[in-house]
Amino acid sequence: MGTLILARRSGIIAEGGLMDVQQVLTHAQDAITVRRVFGDPITVDGTTLVPMAVVSGGGGGGVKGTNDGGVGFGVSARPAGAFVVRNGDVQWRPAIDINKIILGGQAVAVTALLVFGPLVRAWFRRRLP
């Protein structure tokens, strides 16, 4: 899942052209709820899955002068895993991000080349006449 930016123009502009901060905060509160973290349970053949996500958000605002300002809010969500309920037993099954695993392997390989490359070259120089 990507990042959701709440930038809805309709209903946020108050009289006089100023942004209604209360409405922005209400939209932000609606964006981060327990429904965003825990998905709807899915039941198949006696097994229930409860999907979960990691949700984070932030916002800010400011004013310049008397009529110039704004507020904004963003939400980011990514899958975390699922609780699997089968025969009264609950297990946690984490979501695996293959891209992070590949990136981690590449970082280890580059670090190994940078560290061990000069050592191997120096060893070969000493062994060759």
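Can you give the extra length, in nm with one decimal, that the chain gains between ILE102 and HIS27 once fully stretched, where that is 0.36 nm per residue apart less the Cα-Cα distance? It would help to have the intermediate numbers written out before the result.
Working: separation 75, 0.36 × 75 = 27.00 nm, distance 3.68 nm.
Computed gain between ILE102 and HIS27 is 23.3 nm.
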Problem - Environment charge at MET52 (Cβ cut-off 12 Å; Lys +1, Arg +1, Asp -1, Glu -1) - result: +3
Completion exercise
ALA112 and SER76 label points (each 7 Å along its Cα→Cβ direction) are spaced in nm at 3.0
Exercise for the section: Collect residues whose amide H, placed 1.01 Å from N in the peptide plane, falls under 5 Å from the amide H of ALA95; neighbours closer than 5 in sequence don't count. Expected result: GLY81, ALA82
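How far, in nm, would the chain grow between THR47 and VAL120 when pulled straight, counting 0.36 nm per residue and subtracting the alpha carbon separation? Intermediate results must be reported in sequence, preceding the final value.
On the way: separation 73, 0.36 × 73 = 26.28 nm, distance 5.40 nm.
In short, 20.9 nm is gained.
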Problem - Prolate/oblate/rounded call for the range 32-129, Cα gyration tensor, a/c under 1.5 rounded - result: oblate
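Read-outs: derived from the displayed coordinates by stated rules, not from any lab. Keep in mind that this is a model prediction, so the values were computed, not measured. Cβ atoms come from the backbone with ideal geometry, glycine included; neighbour counts cover every protein chain shown.
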